[in-house]
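Here's the structure, in structure tokens; my notes come after.
The values are calculated or read from the model by the stated rules, or taken from the named source; none is laboratory data. Because the structure is predicted, anything quoted here is derived from the model rather than measured. Reconstructed Cβ throughout: ideal geometry from the backbone, glycine too, with neighbour counts over all protein chains shown. Please note that ligands, DNA and RNA were not included when accessible areas were found on the heavy atoms of the full protein model with its side chains. Shrake-Rupley method; radii C 1.70, N 1.55, O 1.52, S 1.80 Å.
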Amino acid sequence: MDKIIIHGGRRLEGEVAVSGSKNAALPILISSLLTSEPCVYQGIPQLVDINTALKLLAGLGVVVDKESWVKGGGDIILRPDRVRNFEASYDLVRTMRASFLVLGPLLARFGYAHVSTPGGCAIGTRPVNLHLKGLAEMGATIEQVHGYVEAKAKKLRGAQIYLDLPSVGATENLMMAASLAEGTTVIENAAKEPEIEDLAAALNKMGARVEGAGGDLIRVEGVSSLGGLTHRVIPDRIEAASFVIAGALIGGDVLVTGVRPAHLDAFFIKLKEAGIELSIDANGVRVKGNNTIKSVDVTTLPYPGFPTDMQAQMMVLMSVADGVSVITETIFENRFMHAQELDRMGADIRLEGNRAVVRGVKELSGAPVMATDLRASVSLVLAGLVANGTTEVSRVYHLDRGYEHIEKKFSKLGAAIERVKG
Ligand code: UD1
């Protein structure tokens, strides 16, 4: 298994461009299942999770042209006119939970889907009850047998669906299914993440009638068929914010380009409260490292609140801040696995249920650490960049799921970081 070795303490200087959003790309690639016409997607990041999605789609019978993407060009062409298999296996869904999103589109277009349930994952139990409840309300018959969901519906019909909590995945699955249902579907208490808006934009280019995405209430008027499209995915706000944290931790002067600042409002407000110097304009976000970082309390919330996907990175910043900060995780029940690893690097973090009490220390020191999930792994890289001495991050396959060319991007900014092939 590959490792990432970082010699900490090098100031970061220069410009880094944000890649396309993983969490927008995954549902959008999967939404190609709703049409039989070719779909052209642009700005798709080169990530292991994207490859998993392509494998999943190919297994269903979608013809995948990834030549440009493999060469780093970012384009993927999908031809979904010969879909003949309606099953997503345990192996694929277990590797990547977003695979579960094929359920809605397969059911809506073909009337049948056999999809493995994802099971738990490193950060929590993550059930799919809301996806299933919504589809049942649209008239699907759903049975769970041997770890698989078997869903059938001659024709889905529009329904009024209330989500008990604004689940990103459930909103996406239901929005896709509703696009080909008969009649109008209303999703109340929908997730409002920018990735939902991007999926709605792609669906509407295909001829769907989705209104209100980005707000609490999404209305989808079903249509009888959808067509092909060309769509460029939005930039990855979590990758962008992770680089901004790196700049705040150890930047001389770092410019993160390609970011859409409006997607990161809550995050920027917290950084400013922490005394971080940011200048935000059309060129991107410029961040200057500070000698004194103030401690701030942070609570993760659904969008537009502070993103759970930035909690681990923020914890690193608070680890070297002046004072005590309380970080409260409200989205996932077990998303603090990075805390013990950061403590091994000299941080002072005490966990109390869903709260982490972080006492800022003067400095972190390099150590061998282990990545446990995607965002935890990038937090260890960030800690390694600011720590004294050498940090060795193992299990970096987590990192490769969601950060495109991360060591190259940090090297270009002046970090001493390298990958050792395992
Ligand atoms: C997506 C993101 C992930 C991010 C998360 C929350 C993708 C591919 N992944 O994951 O990076 O951390 O949003 O912003 O876009 N829940 C239920 N029942 C359900 C569905 C969800 O109880 O049917 C719970 C989950 O257990 C979790 C919370 O809702 O505690 C949020 O999950 P959800 O918004 O669905 O996250 P994902 O779509 O899995």
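Results, tabulated for the structure shown:
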| item | result |
| --- | --- |
| Hits in the stretch 160-212 - residues which are assigned to a loop (DSSP other than H, G, I, E, B) and more than 16 Å from the ligand (Cβ to nearest atom) | Leu180, Ala181, Gly183, Met206, Gly207, Ala208, Gly212 |
| Qualifying residue in the stretch 383-403 (condition: in contact with a His (Cβ under 9 Å, 6 or more places away or on another chain) and under 19 Å from Glu239 (Cα atoms)) | yes |
| Qualifying position, being buried (at least 24 other Cβ atoms within 10 Å of the Cβ), within 22 Å of the chain's Cα centre (by Cα) and of a type in the set (Asp, Glu), among Asp236, Asp265 | Asp236 |
| Residue match in the stretch 277-294 (condition: of a type in the set (Gly, Ala, Ser), in the same structural domain as Gly8 (by TED's automatic domain parsing) and in contact (Cβ under 8 Å) with a residue 12 or more places away in the chain) | yes |
| Residues being open to solvent by less than 10 Å² (accessible area, probe 1.4 Å), in a helix (DSSP H, G or I) and not acidic (Asp, Glu) - total across the stretch 12-51 | 12 |
| Matching residues in the stretch 132-154 - criterion: being modelled with pLDDT of 95 or more, hydrophobic (A, V, I, L, M, F, W, C) and out of contact with any Ser or Thr (no Cβ under 8 Å at 6 or more places or on another chain) | Leu132, Leu135, Ala136, Ala140, Ile142 |
| Scan of the stretch 282-297 for residues that are open to solvent by less than 80 Å² (accessible area, probe 1.4 Å) and within 17 Å of Arg237 (Cβ to Cβ), ordered by number | Gly284, Val285, Val287 |
| Residue list for the stretch 239-262, filter: assigned to a helix (DSSP H, G or I) and surrounded by fewer than 21 Cβ atoms within 10 Å (Cβ to Cβ) | Pro261, Ala262 |
| Of residues in the stretch 342-371 being within 11 Å of Met315 (Cα to Cα) and touching a residue at least 40 places away in the same chain (Cβ under 8 Å), the one farthest from the chain's Cα centre (by Cα) | Gly360 |
| Candidate set from the stretch 67-93 (those that are touching a Gly at 6+ places or on another chain (Cβ under 6 Å) and free of Cβ contacts under 8 Å to residues at least 40 places away in the same chain); member that is least open to solvent (accessible area, probe 1.4 Å) | Asn85 |
| Residue that is more than 16 Å from the ligand (Cβ to nearest atom), over 27 Å from Val256 (Cα atoms) and β-branched (Val, Ile, Thr), where the choices are Thr52, Thr35 | Thr35 |
| Matching residues in the stretch 359-377 - criterion: being modelled with pLDDT of 95 or more, part of a strand (DSSP E or B), surrounded by 15 or more Cβ atoms within 10 Å (Cβ to Cβ) and touching a helix residue (DSSP H, G or I) at 6+ places or on another chain (Cβ under 9 Å) | Arg359, Val369 |
| All helices (runs of 4 or more DSSP H) inside the stretch 57-148 with 1 or more residues being among the polar types (S, T, N, Q) | 67-70, 90-95, 129-137 |
| Index of the failed condition, His338 passing every other in (1) under 23 Å from Ala274 (Cβ atoms); (2) under 26 Å from the mean Cα position of the chain (by Cα); (3) assigned to a loop (DSSP other than H, G, I, E, B) | (3) |
| Subset of the stretch 316-335 [in a loop (DSSP other than H, G, I, E, B), among the aliphatic types (A, V, I, L, M) and more than 16 Å from the ligand (Cβ to nearest atom)] | Val320, Ala321 |
| Counted residues, the stretch 270-310 - those being away from the ligand (no atom under 16 Å from the Cβ) and within 21 Å of the chain's Cα centre (by Cα) | 4 |
| Qualifying position, being small (Gly, Ala, Ser) and within 21 Å of Phe410 (Cα to Cα), among Gly289, Gly227, Gly275 | Gly289 |
| Hits in the stretch 142-158 - residues which are surrounded by fewer than 20 Cβ atoms within 10 Å (Cβ to Cβ) and closer than 26 Å to Asp216 by Cβ | Ile142, Arg157, Gly158 |
| Of all residues making up the stretch 96-120, the number that are near the ligand (Cβ under 9 Å from one of its atoms) and under 17 Å from Ala58 (Cβ atoms) | 3 |
| Which numbered condition Gly8 fails, given (1) touching a helix residue (DSSP H, G or I) at 6+ places or on another chain (Cβ under 7 Å); (2) outside the structural domain of Ala240 (by TED's automatic domain parsing); (3) over 24 Å from Leu180 (Cβ atoms) | (2) |
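One line per residue, one yes/no per condition, for (1) modelled with pLDDT under 95; (2) open to solvent by less than 30 Å² (accessible area, probe 1.4 Å); (3) closer than 26 Å to Lys288 by Cβ:
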residue	(1), (2), (3)
Met314	no, yes, yes
Phe332	yes, no, no
Met337	yes, no, no
Leu342	no, yes, yes
Ala347	no, yes, yes
Arg350	no, no, no
Val357	no, yes, no
